[in-house]
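One structure is given here, and the rest of the page talks about it.
The values are calculated or read from the model by the stated rules, or taken from the named source; none is laboratory data. Since we're looking at a predicted model, the values are computed, not measured. Every residue, glycine as well, gets a Cβ built from its backbone with ideal geometry; the counts of neighbours run over all protein chains shown.
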Amino acid sequence: MNIPFIPALYTSSREDTDIDLLVMHYTAGPTVNDCIDIFRNPARSVSCHYIVGMDGEIVQMVHDQDCAWHCGVSTWEGLEKCNSRALGIEIVNWGRLERKGTEYYVWPDEYGQSYAGLPPVYSDNGWWAPYPERQIDGVIALSRRLIETHRIPLKNVVGHSEIAPGRKIDPGPLFPWCDVRNRLGIGHV
Ligand SMILES: [Zn+2]
């Protein structure tokens, strides 16, 4: 797996904390490049280790041994500030969509921009952009590598919404957790 590296602006030291958590996010944006721009924007103090595009392509922006700024206020199994122990994967996906008439819209400009992509799916009282299969294949290949390299327990492969409930909803109801967990479990036992 040959992954290009484009450095994010904001990172910090893990201060000897071991990596034992893998956090899935969606970007709420259109492309890998759009997400790269955000992580290279001095006005946005956020970053993440990896981005996975719609075709499963992968870019790395923070080295695994460094802390990326993707969890925010967060708790997992009673421990706060998850960034110091976590690796993060940003998955390119618009997240929640709004339906007006027969058309669907994405969040910028107060849901004023047309959505283009796989047919939206209704779940949890809303419409959502699905994850293409090739993208999930990319997420699984990358996750498998990270889990094996850092010996991350499978129970610690989580969504942002699980470590920041009430504050974050990504990766949303269409992220195929069953499939992902099943496929990650195979070969890891
Ligand atoms: Zn997130």
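Restrict the check to region 146-157 and report whether at least one residue is modelled with pLDDT of 95 or more and under 13 Å from the mean Cα position of the chain (by Cα). Checked region 146-157: at least one residue is modelled with pLDDT of 95 or more and under 13 Å from the mean Cα position of the chain (by Cα). Restricting the search to strands (runs of 3 or more DSSP E) fully inside region 74-157 and requiring at least 1 residues that are away from the ligand (no atom under 16 Å from the Cβ) and without any contact (Cβ under 8 Å) to a residue 60 or more places away in the chain gives 96-100, 103-106, 121-123, 126-128.
Residues that are among the hydrophobic types (A, V, I, L, M, F, W, C), within 23 Å of ASP137 (Cα to Cα) and either within 15 Å of the ligand (Cβ to nearest atom) or loosely packed, with under 14 Cβ neighbours inside 10 Å (or both) do occur in region 26-37.
Counting just the residues of region 158-184 that are without any contact (Cβ under 8 Å) to a residue 12 or more places away in the chain and over 18 Å from PRO132 (Cα atoms), which one comes out nearest to the ligand (Cβ to nearest atom)? Spell out the reasoning first.
We begin by selecting, within region 158-184, every residue without any contact (Cβ under 8 Å) to a residue 12 or more places away in the chain; these are 161, 165-166, 178, 182.
Of the ones still in play, those that are also over 18 Å from PRO132 (Cα atoms) are 161, 165-166.
Details: SER161: 8, PRO165: 12, GLY166: 13 Å.
Ranking the candidates gives SER161 first.
Selection of region 5-17 for residues being closer than 16 Å to CYS71 by Cα and surrounded by fewer than 13 Cβ atoms within 10 Å (Cβ to Cβ) yields only SER13. Of all residues in region 82-130, those satisfying the criterion of being hydroxyl-bearing (Ser, Thr, Tyr) and touching a strand residue (DSSP E or B) at 6+ places or on another chain (Cβ under 7 Å) are SER84, TYR104, TYR105, TYR111, SER114, TYR115. Can you name every residue in region 146-161 that is out of contact with any Pro (no Cβ under 8 Å at 6 or more places or on another chain) and surrounded by 15 or more Cβ atoms within 10 Å (Cβ to Cβ)? If the condition is that a residue be out of contact with any Pro (no Cβ under 8 Å at 6 or more places or on another chain) and surrounded by 15 or more Cβ atoms within 10 Å (Cβ to Cβ), then LEU146, ILE147, HIS150, ILE152, ASN156, VAL157, VAL158 are the ones that fit.
Any idea which of ALA164, ALA116 is within 21 Å of GLY29 (Cβ to Cβ) and at pLDDT below 95? It would help to see each step written out before you state the result.
Values: ALA164 fails: at pLDDT below 95.
When all the criteria are applied, what remains is ALA116.
The set of residues in region 60-73 being away from the ligand (no atom under 14 Å from the Cβ) and surrounded by fewer than 20 Cβ atoms within 10 Å (Cβ to Cβ) consists of GLN60, HIS63, ASP64, GLN65, ASP66.
Please work out if GLY56 is modelled with pLDDT under 95, away from the ligand (no atom under 14 Å from the Cβ) and on the phi > 0 side of the Ramachandran plot. Here the answer is no, as GLY56 does not meet what is asked.
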